[in-house]
Amino acid sequence: MARAEHVAMTEGLDAVVATSTRLSHVDGEAGQLVLCGYRVEDLAPNASFEEVAFLLLHGCLPEPSERAPFARSLAGRRAIPRAAMGVLREAAAAKVPPMDALRMATATLSLGRVEDPVDDALTAIASFPTIVGAYQRIANGEEPVPVRNDLPHAAHYLHQLSGVEPSAERARALETYLNTVCDHGLNASTFAARVIISTRSDVISAITGALGALKGPLHGGAPGPALDMVFEIGTPDRAEAVIRAKLDRGERLMGFGHRIYRVRDPRADVLAQAAERLWDRAMPCPGQPMGLPDVYDLARSVEATALRLLREYKPDRRLDTNVEFYTALLLHGLGLPTELFTPTFAVGRVLGWSAHCLEQLREGRLIRPQSAYIGPTDLHYVASRAALN
Ligand code: ACO
């Protein structure tokens, strides 16, 4: 009898504890997320991205004397290899989606450097805004803007996209987003990264693999469709009919439900407040059918209707708003097109992947679960004539 048959099997690994970590704790029943000891609602809207990066990579917040050197070391790694830029130009010519272009360019970050886990991690974190920004510009027929070392990380990402220095409010809104999504327990992409690095592979390989896991609509690919649904509904009075029709067709509502949270995802609240702050200051856009505050109000009403109908259709399953719903609103408010939502998620999450890789290298074992074989075991191979000839 195969050994796996003696072992309890959990399809999808729900409730399986596969490793220990000091990086983040997700309490799905209480709706809490703790990052290295700090509640997300306390840390994310108030800390700089650089502080949070130091926290995850070193386990504690930087001393005042450590802040500037760390920010400088990150900023000094923003330029990407020439080969990466070449890959981005080829990818844009082939109209590759931005997540795939990010994955392709990330794989080149090892070029011209000696492999080193910490340096690889810092390089990936610092390079992601450059890669995503450059690709977006090339894909739109514009030239990438040169990297700047004098801007903080979040502001630099917005600058890479637009070539314009963002206002403090816009940079703060993006910074809050990046901090909010930087780590989240053993989610699928982080698990993928830890599996890869657990073989004593390298950090760039692990991050490249994690990008593949993040891309899927059940993980990081949901915010675009979530916003599409809000726009498809268009006005609050249509919400009930459109959502009901989706649920009748057996469709999933993007931006709702979570494997771990049985209550509202705490990150949704952090992002809802950040979106509201940003949108409060947003001026109506002349000539646009719907100003930003109108979209925010519409989204609130879509959320309320969706939650009511999910309770009706799935009474046994607690389905609440997840991080992706308000990600969509915040990033839309920042003027990012939907195709950049998942790459922007990656700009934040690469920090968590990197920290998990370093932790796994320090403390982890090879991750190698078992599978329960359910195929036949009594077949006999008979060589066919065609194969012999
Ligand atoms: N809309 C409608 N029904 C849903 C939804 C949803 N958003 N989510 C789950 N359900 C239903 C399923 O259809 C299923 O119903 P059934 O038992 O009648 O067949 C039941 O709830 C359980 O679904 P599972 O797939 O077992 O739940 P799981 O824990 O695996 O799913 C997931 C979690 C993938 C996030 C799911 O809720 C989903 O698909 N949500 C929409 C996509 C989304 O928002 N993804 C982003 C997640 S956040 C993140 O990764 C950063």
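The values are calculated or read from the model by the stated rules, or taken from the named source; none is laboratory data. No experiment lies behind these values; they were computed from the predicted model shown. Virtual Cβ from ideal backbone geometry, glycine too; neighbours counted across all protein chains shown. Note: accessible area is taken over every heavy atom of the protein model, side chains too, but ligands, DNA and RNA are not part of it. Shrake-Rupley method; radii C 1.70, N 1.55, O 1.52, S 1.80 Å.
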Using +1 at the Cβ of each Lys and Arg and -1 at the Cβ of each Asp and Glu in region 223-333, identify which of Ile260, Pro225, Val242 lies farthest towards the dipole's positive end.
-> Ile260
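So for the chain, Kirkwood radius off the Cα pairs, Stokes-Einstein at 4 °C and 1.567 mPa s: how many µm² s⁻¹? The partial results should precede the final answer.
On the way: Rh = 22.2 Å.
This corresponds to a translational diffusion coefficient of 58 µm²/s.
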Region 223-333, relative contact order in percent, only Cα pairs under 8 angstrom and at least six apart counted = 46 percent
May I ask you to rank Glu312, Glu66, Glu50 by accessible area, largest first, using a 1.4 Å probe over the protein chains only?
-> Glu312, Glu66, Glu50
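Return a whole-number percent for the relative contact order of the chain, with Cα pairs under 8 Å and 6 or more residues apart as the contact set.
Values: 558 pairs, mean separation 92.0, N = 389.
Taking the mean separation of contacting Cα pairs over the length of the chain, I get 24 percent.
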Taking the Cα centre of the chain as the origin and placing charges on Cβ (Lys, Arg +1; Asp, Glu -1), which of Val295, Ser48, Ala105 is farthest toward the positive end of the dipole?
-> Ala105
With every protein chain present, what is the per residue accessible area of region 223-333 (1.4 Å probe, Å²)?
-> 47 Å²
Please work out the C-alpha center-to-center distance from region 37-58 to region 297-371 and express it in whole Å.
-> 18 Å
Please state the charge dipole magnitude for region 223-333, taken about the Cα centre, from unit charges on C-beta atoms (+1 on K and R, -1 on D and E), reported in debye and rounded to the nearest 20.
-> 440 debye
Determine the dipole magnitude for the chain: charges of +1 sit on the beta-carbon of Lys and Arg, -1 on that of Asp and Glu, nothing else is charged, the reference point is the Cα centre, and the result goes in debye to the nearest 20.
-> 740 debye
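Using the Cα centre as the reference, give the magnitude of the dipole from point charges on the C-beta atoms of region 191-262 (Lys, Arg: +1; Asp, Glu: -1; all else neutral), rounded to the nearest 20 debye. Before the final figure, lay out the partial values.
Numbers: 10 positive and 7 negative charges, 75 e Å.
For region 191-262, the charge dipole is close to 360 debye.
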At q = 0.14, 0.19 Å⁻¹, base-10 log of I(q)/I(0) for region 223-333 (Debye sum, equal scatterers on each alpha carbon) = -0.53, -0.96
Under 1.5 on a/c is rounded, so check that first for region 171-247, then, if it is not, pick prolate when a/b is larger than b/c and oblate when it is not; a ≥ b ≥ c are the square roots of the alpha carbon gyration tensor eigenvalues.
-> prolate
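To the nearest 500 deg cm²/dmol, what mean residue ellipticity at 222 nm is calculated for the chain from DSSP H runs of n ≥ 4 alone, each contributing -39,500 (n - 2.57), summed and divided by the residues? Walk me through the numbers on the way to the answer.
Numbers: 17 runs with 214 residues, N = 389.
Computed mean residue ellipticity for the chain: -17500 deg cm²/dmol.
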Collect residues whose amide H, placed 1.01 Å from N in the peptide plane, falls under 5 Å from the amide H of Phe256; neighbours closer than 5 in sequence don't count.
-> Asn322
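Using a 10 Å cut-off on Cβ atoms, rank the peptides 35-47, 340-352 from the highest mean neighbour count down.
340-352, 35-47
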Rounded to a whole %, the carbon-and-sulfur portion of the accessible area of region 223-333 at a 1.4 Å probe is 52 percent
